[in-house]
Every structure is written in C-alpha cells, then in structure tokens.
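S.K.: Before I ask anything, let me first share the structure, which is written out below as structure tokens.
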Amino acid sequence: MGVAKYAHLYRLLRNERRPLEELRELQLRRLQRLVAHAYQEVPYYRRSWERLGFHPGDLRSLDDLQKLPVIDKAAFQQHPEELLAGSFRGQPLTAVRTSGSSGKPLRFWVSPPCNQFRDAQFLRPYLSNGRRLLDKGVWFKVNPLPPPKWFQRIGMLREQTIYPGVDLREQAAAFRRLAPDVLMGHASSAARLASHLQEEGAPFKRPRMVFTDSELLTPQMRRSIREAFGCEPLDVYGTYETENIAYECDHHQGYHIALDAVIMEFIRDGRPAGPGEEGEIVCTVLTNFTMPFIRYNLHDLGSYRTGPCTCGRTFPLMKMIGGRADDYLIHPEGGRKSPWDLWGHLLPLAEYLHEYQVVQQEIHLFQVQVVPSRQFHEGIKQAVADKIRLVFPAARVEVLVTDRIDREPSGKFRAFKTLVRIEEASASRKAGISLPPAPAQGIGVPDREIQGQGLGPEAARPFFQPSGT
Ligand SMILES: [Zn+2]
C-alpha cells in the first residue's frame, strides 16, 4: 500500500475542479470498461442483461446506463458467488463487511488495487476541506484504530480516539488532553460532547474543523457543534459499498458528488428524478472490478441541486433529503415518512434537550427518550409530545427522561427509528381506521441534511487501478 494510494489521492483532489465535460467523458470511459468487464466476467450481470437483450456495445452514452436493471443489497446477499468477477477467483482479496445497522449485514470482496483507490477516496473529503498533514486528528470510535503507519509515527496525519461509550466527563477530559485540530466521527457523538463542554463551562482548545459522518446530522446537532466549537460541521456521505461519495465544502450549499468514483442517479418510481426532485440514490461504482456495483440502490434519498457551488469545485451538488432508508418512520396513511418535519418541529426545544431518540413502537405509539439539559423542566415532556402530534396527529407519546441513550450494536446513534413494518400501515388503512386530517407540513428550517452508512478509518480498507484519470 502506500504510494499508489497517494498517487490516487493526488488525482482525486485534482479531479474536483476539472471541467465538467472532461469528467463526464471520464465517467463514460470508465463505465464502458466496467460494463464490458462485468458482462465478460460476472455471471450474475451477464445472465440478467442477456435476458434483457442488452450487450455492452449498446452503451454509447451515460444515459444508456438506464437500460440496465437496478439492483440492491439483496442481490449481493443471495448471489455473492455469482457477483464475483471470474478473474478474481482464488486471488488474495479483502473482505468488507457492512455494519448491518439496518439489521442486514453484507459482505463483499475487493482486490488490493481497488482497496488502495478506496483508501484515497476515503481521505479526499478531509484533505480537500483543509485537514493538514500535521494536524492532530481525533475520531469518535467504538473500535480501536489500527496500529500507526510509518508516517503517523513521524507525526503526519496523527490520529487518536475518544470512545463514545464512556461517561461524558471522561470524554471531555480526553478531549481536553488530546486537544485535536480536527475532530471526526459520528455526528451524535460530536454533538453530545459539544453540549457537555458548553455546560461544564471550563476552557478547552477549539478544534479548527469538525467532520461528521454515518448518521443523520440533525439541525440540532449542527447547532450544538457550531456553538461549542465555533465551526460549522462538514458532513461526509459514504457507504461501505461505495466509500465516500459526497461531501460538504465550507460553502455548505450541498454535498459535492464524486463524479470520478461513482455515477449517482436519483430514481423515483423507476424513472430519473428531475432537478430538486427527491429520488432514491442509485450508484454505479466505477472503480470496483472485483465485485462490481452497477446501478446499486442504496435506498437513501437525495436530489440533484442545479448550478455550481460557489467554492469553485466542478463536482455537482446533491442535497440529502431526509435520512437513510432506516431513519424513516412509517406514516399511518401509508408510506415512509422522512424525519425531516419532526426535526424541524423539535428544533425550538433544542436548548432543553442534549439528545433525543424517537422510537415508533406501534403505528400510533411513540416512545421518546430525552437526555435533559440544565434548562429542562417537566413542561418540556408535554411540549415534545405536542410536537410529535403535529406530524402524527393520532399518536400516543410517552416521554422518558434518561441520562444516556443506547447506541446501535454498530455504535451508531439513530435519532429516529421505527419498529413498525410498512405493511402494517397499509393494513390499518385497509381496515378503515379513521385518522385526523394531516397536519400542515413544513416550517422554516434551513437545509435538510442526512447521512448514509459512513465509514470509519478502522473499516476494512479493503482496492482496481482506474486508468485514464
Ligand atoms: Zn463547494
């Protein structure tokens, strides 16, 4: 490892500002090579495309990609052997395991060259946004970091961790001692520490930058981080399958899409969503030839933003809509409900709550755990319940005060979760259960933010040499 990764990184950082036409050409070349390879070597794709009468020669433009079927995690869970390219069989490969925060872990393999490209892709959002080689970085991490690399032993890209599972006073002490220049990791961990430090009131060295990943970065978390650390968090969107594929810059106009690594589509009811229209994020990973992800539905929601960012990067912008697939709640009238409206309604209560988690236990039953701040008083419980009922009018709401909200086994925090299956909503509708009218939606809250299943540095940095960068 090593040299190839940094050569990739150099090119990746340069690509961010290349003319858009050049980037589209690069995408098309890579896509044609990937599709020809998959047709030749990956039985699953060959079989499915032959049924449609598709031949790689039919792929003449980026739009032709839409002739291919959309797949998702299920294909990789059911046919892993058939998705591995023939020439990689018996070769040394790295396994990548997803965290399975949605309850369905996935394992896939990548070759060493693909792994090196992924490493570079992982680092780009941080270095692009101004993390310097001599900065001291601190991650919120559940797992220990791998042993330091040679460059870390001489002080470059130094990294340490704060374990978010320990008491906040202990985390605050570690934070003061480590005094990071750059703080990184789960949004909720950074926000929780931020509120705690504010409340303690003792001085601490502010980090120059805060990067968040892996979780919904709610407006409330953004605010806590901004107030304590004096900087706006920069959110990074990635998944294990795709690595980091979109990231904010300090102009905060959206997330820059990594055009050199993926083709990202937004699909709504089987067709491409228009600009600004919400769609499911479907990715084709351009540099993984080991187990190719072609039109892979991440089931997260986003939309294209039109117009370039004022920062000068040519990578186009996307807007994250309202959460990952598993952050959605189920609406009694059917369908998934983004937690966006709830965030907006709960935002005015931010000063009373360090943290909250809304769990939809049954279609009309919500349990809300809250970690109170100093300003909290009993009346806030009722206020929380009232806010939930603005979006779910028939809801019974139970508010529990606690000093700590459990994380998922993966270490992730979920501000919203549902235990209801979507079919139950349809069933209650069919049974003719009458519901009050839907509430007025939408209040004046700035930008919607979300996050996908992000990657920590300890994630297996599992790697294809893309040519023609
Ligand atoms: Zn920008």
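S.K.: From the list 258, 187, 273, 191, which one is closer than 30 Å to residue 31 by Cα and either aromatic (Phe, Trp, Tyr) or within 18 Å of the chain's Cα centre (by Cα) (or both)? Outline the logic, then answer.
M.R.: Numbers: 187 fails: closer than 30 Å to residue 31 by Cα; 273 fails: either aromatic (Phe, Trp, Tyr) or within 18 Å of the chain's Cα centre (by Cα) (or both); 191 fails: closer than 30 Å to residue 31 by Cα.
Among 258, 187, 273, 191, only 258 is closer than 30 Å to residue 31 by Cα and either aromatic (Phe, Trp, Tyr) or within 18 Å of the chain's Cα centre (by Cα) (or both).
S.K.: May I pose another question? Residue 51 passes all but one of (1) within 23 Å of residue 272 (Cβ to Cβ); (2) surrounded by 15 or more Cβ atoms within 10 Å (Cβ to Cβ); which number fails?
M.R.: Only one criterion in (1) within 23 Å of residue 272 (Cβ to Cβ); (2) surrounded by 15 or more Cβ atoms within 10 Å (Cβ to Cβ) is unmet by residue 51, namely (2).
S.K.: Give me the pairs, please: first residue somewhere in the stretch 241-256 and hydrophobic (A, V, I, L, M, F, W, C), second residue anywhere and not in a strand (DSSP E or B), beta-carbon distance under 7 Å, and either six or more positions apart or on two chains.
M.R.: That search, which allows pairs on different chains as well, returns 245/258; 245/261; 246/258; 249/129; 249/309; 249/311; 249/313.
S.K.: Turning to a different aspect of this structure: Condition first: among the β-branched types (Val, Ile, Thr), more than 28 Å from residue 34 (Cβ to Cβ) and within 16 Å of the ligand (Cβ to nearest atom). Can you find one or more residues in the stretch 303-311 that meet it?
M.R.: Scanning the stretch 303-311 turns up at least one residue that is among the β-branched types (Val, Ile, Thr), more than 28 Å from residue 34 (Cβ to Cβ) and within 16 Å of the ligand (Cβ to nearest atom).
S.K.: Then there is this: When you go through 178, 183, 168, 259 one by one, which is the residue that is buried (at least 24 other Cβ atoms within 10 Å of the Cβ) and among the hydrophobic types (A, V, I, L, M, F, W, C)? Before the answer, list the steps.
M.R.: Numbers: 178 fails: buried (at least 24 other Cβ atoms within 10 Å of the Cβ); 168 fails: buried (at least 24 other Cβ atoms within 10 Å of the Cβ); 259 fails: buried (at least 24 other Cβ atoms within 10 Å of the Cβ).
So the residue among 178, 183, 168, 259 that is buried (at least 24 other Cβ atoms within 10 Å of the Cβ) and among the hydrophobic types (A, V, I, L, M, F, W, C) is 183.
S.K.: I'd like to know if the stretch 211-228 contains one or more residues that are within 16 Å of the ligand (Cβ to nearest atom) and modelled with pLDDT of 95 or more.
M.R.: Within the stretch 211-228, the subset within 16 Å of the ligand (Cβ to nearest atom) is 211.
From what's left, modelled with pLDDT of 95 or more: 211.
Scanning the stretch 211-228, I find at least one residue that is within 16 Å of the ligand (Cβ to nearest atom) and modelled with pLDDT of 95 or more, so the answer is yes.
S.K.: When you check residue 89 against the structure, is it more than 29 Å from the chain's Cα centre (by Cα), closer than 28 Å to residue 269 by Cβ and of a type in the set (Lys, Arg), yes or no? Can you show your working first?
M.R.: Details: more than 29 Å from the chain's Cα centre (by Cα): yes; closer than 28 Å to residue 269 by Cβ: no; of a type in the set (Lys, Arg): yes.
So residue 89 does not fit the description; no.
S.K.: Sticking with this structure for a sec: Is it true that some residue in the stretch 282-302 is under 30 Å from residue 196 (Cβ atoms), surrounded by fewer than 20 Cβ atoms within 10 Å (Cβ to Cβ) and in the same structural domain as residue 125 (by TED's automatic domain parsing)?
M.R.: no
S.K.: Which residues, counting only those in the stretch 352-382, are surrounded by 17 or more Cβ atoms within 10 Å (Cβ to Cβ), outside any strand (DSSP E or B) and of a type outside the set (Phe, Trp, Tyr)?
M.R.: Once the filter is applied, which keeps residues that are surrounded by 17 or more Cβ atoms within 10 Å (Cβ to Cβ), outside any strand (DSSP E or B) and of a type outside the set (Phe, Trp, Tyr), the stretch 352-382 yields 363, 364, 373, 380, 381.
S.K.: To continue, here is another question. Restricting the search to the stretch 273-293, which residues are touching a helix residue (DSSP H, G or I) at 6+ places or on another chain (Cβ under 6 Å) and β-branched (Val, Ile, Thr)? It would help to see each step written out before you state the result.
M.R.: So the first thing to find is which residues in the stretch 273-293 are touching a helix residue (DSSP H, G or I) at 6+ places or on another chain (Cβ under 6 Å), and the list is 286-292.
Passing the criteria: 287, 290.
S.K.: Moving on to the next point. Among (1) assigned to a strand (DSSP E or B); (2) touching a helix residue (DSSP H, G or I) at 6+ places or on another chain (Cβ under 7 Å); (3) within 16 Å of the ligand (Cβ to nearest atom), which single condition is residue 314 missing?
M.R.: (1)
The values are calculated or read from the model by the stated rules, or taken from the named source; none is laboratory data. Keep in mind it's a predicted model, so treat the numbers as computed, not measured. Reconstructed Cβ throughout: ideal geometry from the backbone, glycine too, with neighbour counts over all protein chains shown.
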